[in-house]
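Heads up: the structure comes next, in structure tokens.
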Amino acid sequence: MSSCDCDSIKEPLMPLEKALSKMLGSITPSTESEMVTLADALGRILAVDVASTLAVPPFNNSAMDGYALNAVDLAVSDTLTMVGKSFAGTPYQGQVKTGQCIRIMTGAQVPDDVDMVIMQEQTCAEDDQIRFNSSAKPGSNIRTLGEEISVGQVVLHQGTKISARHISLLATLGCANVKVIKKISVAIFSTGDELKPLGSVLQLGEIYDSNRFGLIAQLQRLNVDIIDLGVIVDDPVSIREAFERADRAADVVITSGGVSVGEADFTREIMEQFGEINFWKLAIKPGKPIAYGKFPNSIFFGLPGNPVSALVTFYQVAKPALQKLSGATEIKPLRMSATLSHAIKKSPGRLDFQRGFVSTDQQGKLIVSSTGHQGSGMMSSLCLANCFIVLEQERGAVAANETVIVELFDELFQ
Ligand code: AMP
Ligand code: MG
């Protein structure tokens, strides 16, 4: 490789949108599935649509603690005779005739021969004589059979990432087991002679390998199987061996460092020999150089070495790819407008993901401020942030009180 970087200076930076659509277009979602118990389904991706085998609610039941009766009887008298009780799990077995009512609890079955429930706070009971202080329409306070979900109705779609909310719904339907896509596997290593293990004493020129830990934490949130290959020194033979090992073991290979144009930056070169590489100088900040491509058995990402760049490019570029490969339905990040509390410096040319903190003012309006030094190696501004301030590629400096777009961090950064 020539030490002159003139070509890449001339080469226009690729907009992020274009890189994402090229990359996503080249990825085929995994379809191999397995059954897991509902207790093990959190964070997994549904392999099939789930249709309900049950009506919900499965029977007419009371929404209140009170009395079940017929509306027409109340038109004749405000006092009815209580003839029995219906508890949740223990329905009333008898009949309810003209002039009668039953005591009923929330969730208890409503017999077919009554048509409404009046809450107990609107009644006055003297032995079995119940006086009703208010009237209501037929159907009041009854949750009717199938009013929420009918038998056969699709309630969750293939590609849904199963959350606590979905688990609750699946349990409501009695699903003890769920068919999910098999987890994809991701092998990861850091490159750099200067990177030392946590806990070791650093010599001059050395730093701790932080990227691998931050990236693995994001991978854990994505619920993939992780193969941690540690740190590989800046030596072409070792890097090539690590790539071969990673490619044999995993669906995806992720590295950080060595993708720029320094004399010890071998990652890109070896990726080129071993696979089909798309090397991108993306029009984003942080994180301009990033490699994406295909090895014989896997896809790979060569992320930049600077810690903020590594974490942000993983979040903005690798995450959508891993989600697609995992069979998950694409969810675009939720972006909203906020008022910038102070001026921000920016030059046109790159889409900037500044680290910001967004909150609401007394009127409920979103206000965002930058969290300080935005250097691509400065993790502290990322740690103080709860959102990206997304400044458009062609935008220049932004003045205080201008409207900007913010993207709240999702579970990967929480
Ligand atoms: P490189 O892309 O290898 O030239 O690295 C760019 C910068 O990121 C250098 O200052 C490296 O020391 C730093 N860096 C690279 N990999 C890591 C890592 N795993 N953890 C922390 N810093 C790193
Ligand atoms: Mg390096």
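The values are calculated or read from the model by the stated rules, or taken from the named source; none is laboratory data. Note that the structure is predicted; figures quoted are calculated from it, not measured. When we count neighbours, we look across all protein chains shown, and the Cβ atoms used for this are built from the backbone with ideal geometry, even at glycine. Please note that ligands, DNA and RNA were not included when accessible areas were found on the heavy atoms of the full protein model with its side chains. Shrake-Rupley method; radii C 1.70, N 1.55, O 1.52, S 1.80 Å.
Values computed for the structure shown
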{"read-out": "Boolean, Val231 is at pLDDT 95 or above, touching a strand residue (DSSP E or B) at 6+ places or on another chain (Cβ under 8 Å), within 16 Å of ligand 2 (Cβ to nearest atom) and not charged (D, E, K, R)", "value": "yes"}
{"read-out": "Check on Ala249, among the aliphatic types (A, V, I, L, M) and modelled with pLDDT under 95", "value": "no"}
{"read-out": "Those residues of segment 7-53 which are farther than 23 Å from Arg221 by Cβ, more than 20 Å from the chain's Cα centre (by Cα) and of a type in the set (A, V, I, L, M), in sequence order", "value": "Ile9, Leu13, Met14, Met35, Ala51"}
{"read-out": "Scope segment 200-228; condition of a type outside the set (Val, Ile, Thr), touching a strand residue (DSSP E or B) at 6+ places or on another chain (Cβ under 9 Å) and away from ligand 1 (no atom under 13 Å from the Cβ); matching residues", "value": "Ser200, Gln203, Leu219, Gln220, Leu222, Asn223, Asp225"}
{"read-out": "Those residues of segment 252-270 which are buried (at least 22 other Cβ atoms within 10 Å of the Cβ) and either of a type in the set (Val, Ile, Thr) or modelled with pLDDT of 90 or more (or both), in sequence order", "value": "Val252, Val253, Ile254, Thr255, Ser256, Gly257, Gly258, Val259, Thr267, Ile270"}
{"read-out": "In segment 206-220, residue farthest from Met379 (Cα to Cα) [restricted to those that are more than 12 Å from ligand 2 (Cβ to nearest atom) and either open to solvent by 60 Å² or more (accessible area, probe 1.4 Å) or of a type in the set (Ser, Thr, Tyr) (or both)]", "value": "Gln220"}
{"read-out": "Candidates Thr37, Thr31 - the one that is in contact (Cβ under 8 Å) with a residue 12 or more places away in the chain and closer than 26 Å to Lys294 by Cβ", "value": "Thr31"}
{"read-out": "Whichever residue in segment 188-205 is within 20 Å of Met379 (Cβ to Cβ) and of a type in the set (S, T, N, Q) and, among such residues, is nearest to ligand 2 (Cβ to nearest atom)", "value": "Thr191"}
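Here is a yes/no grid of residues against (1) away from ligand 1 (no atom under 16 Å from the Cβ); (2) touching a residue at least 40 places away in the same chain (Cβ under 8 Å); (3) surrounded by 16 or more Cβ atoms within 10 Å (Cβ to Cβ):
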{"residue": "Phe132", "(1), (2), (3)": "yes, yes, yes"}
{"residue": "Ser140", "(1), (2), (3)": "yes, no, yes"}
{"residue": "Glu148", "(1), (2), (3)": "yes, yes, no"}
{"residue": "Val151", "(1), (2), (3)": "yes, yes, no"}
{"residue": "Val154", "(1), (2), (3)": "yes, yes, no"}
{"residue": "Ile162", "(1), (2), (3)": "yes, yes, yes"}
{"residue": "Lys182", "(1), (2), (3)": "yes, yes, yes"}
{"residue": "Asp193", "(1), (2), (3)": "no, yes, no"}
